[in-house]
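The structure under discussion appears below in the form of structure tokens.
Quick note: the coordinates plus some simple rules give every number you see, no bench work behind them. Because the structure is a prediction, the values reported are computed rather than measured. Here the Cβ is made from the backbone with ideal geometry for all residues, glycine too, and neighbour counts use every protein chain on show.
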Amino acid sequence: MKYVIIVSSVLAGCATVPGLEPDLPPVQPPETAPASRSENIAIAGLMENARADAAAGRLANAAAALERALRIEPRNPRLWQELARVRLKQGQYAQAESVAARSNSWAGSDNALRAENWRLIAEARTARGDAEGARAALDTAERIGR
């Protein structure tokens, strides 16, 4: 019985009287811009490292840096394009073509990026001996790039 009285008095202390709520401003969600900025800095750093590694011939390191960046920002078409370039240099032509196509899927209306991806696709197809496919890819790049 004592337990019921104690619980009742605790619950009564939590009750509010309608119309007497304090005038508090609405709760705002936390601002996400600082996190975005730090992610952008991280992405830029990883991209810079990947380009330096690729230029130095450390293609596996370049690919690893780009894959880390893509785990942070998977919809970034420039990261996908850079990975396609690395795959092309690695001689992984089918993967280079696939990754360039993935870049195009996120490129939206960035025609310069899309045209460059089609040129990468053409280069990969040429390396695989697909001259007709390469020509079609170059035609697409030319049509988009206008």
Quiz item: With no solvent and one point on each alpha carbon, what is the Debye value of log10 I(q)/I(0) for region 44-123 at q = 0.15, 0.16, 0.25 Å⁻¹?
Solution: -0.44, -0.51, -1.18
Quiz item: Taking the Cβ of residue 50 as the center, what net charge do the other residues with Cβ under 10 Å away carry, scoring Lys and Arg +1 and Asp and Glu -1?
Solution: 0
Quiz item: For region 90-146, what ratio Rg/Rh do Cα atoms give with a Kirkwood hydrodynamic radius?
Solution: 0.96
